[in-house]
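See below for the structure under consideration.
The values are calculated or read from the model by the stated rules, or taken from the named source; none is laboratory data. Keep in mind the model is a prediction, meaning the values are calculated, not measured. With ideal geometry, Cβ positions are generated from the backbone for all residues, glycine too; neighbour counts draw on all protein chains shown. SASA here: full protein model, heavy atoms, side chains in, ligands and nucleic acids out. Shrake-Rupley method; radii C 1.70, N 1.55, O 1.52, S 1.80 Å.
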Amino acid sequence: MTTPRVFIIRHGETQWSLNGRHTGSTDIPLTAAGEKRIRATGRALIGPDRLIIPSNLAHVYVSPRKRAQRTLELLGLGIEGLGEEGEGHKCGAKVEVREEIREWEYGDYEGVTSKEIQEQRMSRGEGEWDIWRDGCPGGESPEDVTARCDKIIAEIRERFHAHAIGKPKGSVKEPYDVLIVAHAHILRAFAGRWVSKNIADNPSLILEAGGVGTLSYEHHKLNEPAILLGGAFMSDVVEEVEMQA
C-alpha cells in the first residue's frame, strides 16, 4: 500500500549554529564544513534506491532564507536549474519558497544564545525561559508558529497525499512525497504539529544542522499521522553492498 512521506531537512551548519546563537531573520551563510556535509547527505540519502527518491517528490518547500536555499541546492536532487545536478538524478518537483516555513521569529533574542537569554532574564528577576511555552518578546508566540505549521500541513495532505495514500503500490502514477528544507525550531514545531501535539508543551524533538527527518502515516490512513523513527534498508541495496565487499 502507498504511504506518502514528508522529508524535513534542516539547513547545514552556520557560524551561528555552531555557537548556539538564535538565527531567525538574520541571513547567515553555511560554513565550508556545512556545505561539505550537505553534499555528503545528498549522496547518502538521495537516489532511486535511497531514503529520498527524486522521482517520487511532488513538491519542495524551502524557506526564504539563503542558508536553507543553499542547502537545497547542495543536496543534488536533479531539479532542472537548481544548483548541483547530483548523481544523474531527475526530479520534476516544483520548488516553492514559502514564508510559512521561515525560522521562528526570535525578536529581542535574535543573535543571542540560550545561556545569555537566561542570564538576562535572571538579572531582571524573570523566570526561566522556554521558547515553546513563552515564545519570544518582540517576535513570535507558540500560537503564531502553530498557525504557520498547520497551514502547510493541511496543504500537503490535501494537495499531495490524499490522492495516493492507501492505494496499491505501483498504481499511483503521480509523485506524492514532499520535501521541506528549513530551520531547527520551525521544523521541530512542524513535526510536533504533524502528530497534533501542542508545541507549547515542548515537542521534545532534536534536529541537528543538516539533519533529516521523516513524517508519514500509520496503517496507510490520512487521519493517523506519525513520525517515522527509522526505516529498513532495501534488500537489493544490501546485496549489492555485500557483493562489492
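The strands (runs of 3 or more DSSP E) found entirely in the range 152-233 that carry 1 or more residues being surrounded by fewer than 16 Cβ atoms within 10 Å (Cβ to Cβ) are 225-228. The residue pairs whose first member lies in the range 152-177 and is farther than 13 Å from LYS221 by Cα, whose second member is open to solvent by less than 60 Å² (accessible area, probe 1.4 Å) and of a type in the set (D, E, K, R), and whose beta carbons are closer than 8 Å, counting only pairs six or more residues apart or on different chains, are ILE152/ARG98; ILE152/GLU100; ILE153/ARG193; PHE160/ASP177; ASP177/ARG5. Among the criteria (1) surrounded by 20 or more Cβ atoms within 10 Å (Cβ to Cβ); (2) touching a residue at least 40 places away in the same chain (Cβ under 8 Å), the one ASN19 does not fulfil is (1).
Results for (1) within 15 Å of ALA184 (Cβ to Cβ); (2) at pLDDT below 95; (3) open to solvent by 20 Å² or more (accessible area, probe 1.4 Å); (4) not aromatic (Phe, Trp, Tyr), shown as yes or no for each residue.
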| site | (1), (2), (3), (4) |
| --- | --- |
| TYR106 | yes, no, no, no |
| GLU110 | yes, no, yes, yes |
| THR113 | yes, no, yes, yes |
| GLY135 | no, no, no, yes |
| GLY138 | no, no, yes, yes |
| GLU143 | no, no, yes, yes |
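Considering each residue of the range 127-151, count those that are part of a loop (DSSP other than H, G, I, E, B) and not hydrophobic (A, V, I, L, M, F, W, C), and give that number. The total comes to 9.
A quick yes/no check of all residues on (1) touching a His at 6+ places or on another chain (Cβ under 8 Å); (2) at pLDDT below 95; (3) farther than 26 Å from GLY20 by Cα:
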| residue | (1), (2), (3) |
| --- | --- |
| ARG157 | no, no, yes |
| HIS161 | no, no, yes |
| ILE165 | yes, no, yes |
| LYS169 | no, yes, yes |
| LYS173 | no, yes, yes |
| LEU187 | no, no, no |
| ARG193 | no, no, no |
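What number of residues in the range 39-74 are farther than 19 Å from ARG102 by Cβ and of a type outside the set (D, E, K, R)?
Keep residues of the range 39-74 that are farther than 19 Å from ARG102 by Cβ, which gives 39-58, 74.
Subset that is of a type outside the set (D, E, K, R): 40-42, 44-48, 51-58, 74.
Residues that pass the stated criteria total 17.
For ALA58, the conditions (1) of a type in the set (Gly, Ala, Ser); (2) more than 24 Å from GLU143 (Cα to Cα); (3) open to solvent by 40 Å² or more (accessible area, probe 1.4 Å) all hold with the exception of (3). The set of residues in the range 90-101 that are in contact (Cβ under 8 Å) with a residue 60 or more places away in the chain, within 17 Å of ALA68 (Cα to Cα) and surrounded by fewer than 19 Cβ atoms within 10 Å (Cβ to Cβ) is empty.
Just checking, does the range 31-41 include any residue being out of contact with any helix residue (DSSP H, G or I) (no Cβ under 8 Å at 6 or more places or on another chain), surrounded by 14 or more Cβ atoms within 10 Å (Cβ to Cβ) and free of Cβ contacts under 8 Å to residues at least 60 places away in the same chain? Looking for residues that are out of contact with any helix residue (DSSP H, G or I) (no Cβ under 8 Å at 6 or more places or on another chain), surrounded by 14 or more Cβ atoms within 10 Å (Cβ to Cβ) and free of Cβ contacts under 8 Å to residues at least 60 places away in the same chain, one finds at least one in the range 31-41, hence yes. Sub-9 Å Cβ pairs linking a first residue in the range 113-131 that is within 18 Å of SER17 (Cα to Cα) to a second residue that is polar (S, T, N, Q) and open to solvent by less than 70 Å² (accessible area, probe 1.4 Å), at least 6 apart or interchain, are ILE131/SER114; ILE131/ASN202, ordered by first then second residue.
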